[in-house]
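A.B. asks: What follows is a single structure, and I will ask about it in a moment.
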Amino acid sequence: MTLLHQPSTIIGDRYRIVAPLGQGGFGTTYEAEDLTNYKRVALKAISLRYLENWKGLELFEREAKILAKLNYHAIPKYLDYFYIDTADDRHFYLIQELLGGQSFSELVKKGWYPSQGEIKEIAFQILDILEYLHQLNPAVIHRDIKPQNLIINSKGIVFLVDFGAVKDVYRNTLSYGETFVGTFGYMPPEQFQGQAFCASDLYSLGATLLFLLTHRSPADLPQQRLKIDFRGSVQISQHFADWLEKMLEPAVEDRFQSVEEAIDALRRKQSISSSLSGSIIPQRQQPAGSRIIFTKNYQRLVAEIPPCGLNGNNLLLAVLILSVLKLIFVLKLGTILTVCSTLFLLELWIILLVLLGLLFDIAGEIYLEINRYTFKIEWQLFGLSLGQITGRTVDLKVVEVDSSVNFLGQKTITCAIWEGVQQHKFGSKLTKVEKRWLVEELRDFLGLI
């Protein structure tokens, strides 16, 4: 397919094309630069002129619709969606967060042979992503999990990309033309028949793990009665082989029926035929009056810390800051030279930072999530992300209540997590009781996993 755009082309007066990243059946993905903030993004483009029929556009629009609803650290963030008309065509664009890293397919081509332990860790990460997708209402079924759609970065965090085949309702899954939604070798039999279930993604995950073990497409391995006969091609433990075989059962009813069941069987090394023994674990009594939204099970801990809202303390501080700001302008607006001086700009910058901090105290939210392999802390204001920290759970060593003095000389007490030698602080506006409770819950969970 001919490239729609060349490097340096500017799209919609905002996105400058840097280089193509890859081409699919009906579209091209580019690395681009957002000229409003100079951040790199992934720009996916399709042309109405080059589409064979309307099905391609339907899938593209569905991908944008679903991505706009997702909020998970291991799925690239949706940023924008729009179209532009030209004299003889209409181009559609989907803008997403640009990931660093390489796909499993690229790494295997370079000779990467992960160990059984590494593959299990990868399996847990992907299962965590699927657990998030499948628990949505309605459940989101990816339908195209394969080595090309899984990216691993330098920290070992796995991302799931390309939601062009995604399905958010139980309906026909056949794609346009003579092509199925999915990829041969990684598709379960039911997708050839126009059906997809949550267990369909488990089959595709099993096939992907098999590719990492063998460096061969599952379609190239021998079969017996429609089942992939892989045991003679791998050297793995009996339990892992049994688990993988159940993931790859051709009949959907013979597979694990949920992500939770697959996780539990892999983690506990129990009999593969046994059922899930319950995913809710005991937790400490949440302090009375606390508005933290908190959930915890054997796979994941999530804490959503709401804003503290407007109160007497921050209202008085806001009035004082605005008064000082007004006084500075009155005193220094005498000459343009003074206004533009470095000292004045520095004073103004400090005041604006304090105002932003005050605004966050009033309306900002904090989202904390930890699973067996990765963690995420995100600060949000009015639904917009102000910043986030992600990393590997194995690197979290200490959780504590931290006391320090900020640049204004004020003593601040926060919750703190140590990632190696880096300390991540949050929750300064929580009560002392809430901070102690949340820290203890985090310690319990990290000790459990």
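The values are calculated or read from the model by the stated rules, or taken from the named source; none is laboratory data. Here the structure is a predicted model, which means the values were calculated and not measured. Methodologically, a virtual Cβ is constructed for each residue, glycine included, from the backbone with ideal geometry; neighbour enumeration extends over all protein chains shown.
A.B. asks: Which residue, of Glu304, Glu245, is at pLDDT 85 or above and over 25 Å from Ser103 (Cα atoms)?
C.D. replies: After applying the criteria, what remains is Glu304.
A.B. asks: Now for a separate question. Could you give me the residue pairs with C-beta distances under 6 Å whose first residue belongs to region 272-298 and is not assigned by TED's automatic domain parsing to the domain that holds Lys432 and modelled with pLDDT of 90 or more, whose second residue is of a type outside the set (D, E, K, R) and surrounded by 10 or more Cβ atoms within 10 Å (Cβ to Cβ) wherever it lies, and which are 6+ apart or on separate chains?
C.D. replies: Between residues of region 272-298 that are not assigned by TED's automatic domain parsing to the domain that holds Lys432 and modelled with pLDDT of 90 or more and residues that are of a type outside the set (D, E, K, R) and surrounded by 10 or more Cβ atoms within 10 Å (Cβ to Cβ), there is no close pair.
A.B. asks: Across region 175-221, which residue is modelled with the lowest pLDDT among those that are outside any loop (DSSP other than H, G, I, E, B) and more than 22 Å from Lys120 (Cβ to Cβ)?
C.D. replies: Phe180
A.B. asks: Just need a number here: residues in region 391-437 that are within 19 Å of Ile157 (Cβ to Cβ) and hydroxyl-bearing (Ser, Thr, Tyr).
C.D. replies: Count: 1.
Yes/no per residue for (1) surrounded by 12 or more Cβ atoms within 10 Å (Cβ to Cβ); (2) in a helix (DSSP H, G or I); (3) among the charged types (D, E, K, R); (4) modelled with pLDDT under 60:
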| site | (1), (2), (3), (4) |
| --- | --- |
| Asn313 | no, yes, no, yes |
| Ser323 | no, yes, no, no |
| Val330 | no, yes, no, yes |
| Glu347 | yes, yes, yes, no |
| Asp361 | yes, yes, yes, no |
| Glu369 | yes, no, yes, no |
| Gln380 | yes, no, no, no |
| Val401 | yes, no, no, no |
| Gln423 | yes, no, no, no |
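A.B. asks: If a residue has to be crowded, with 19+ Cβ neighbours inside 10 Å and part of a loop (DSSP other than H, G, I, E, B) to count, how many in region 222-256 make the cut?
C.D. replies: 5
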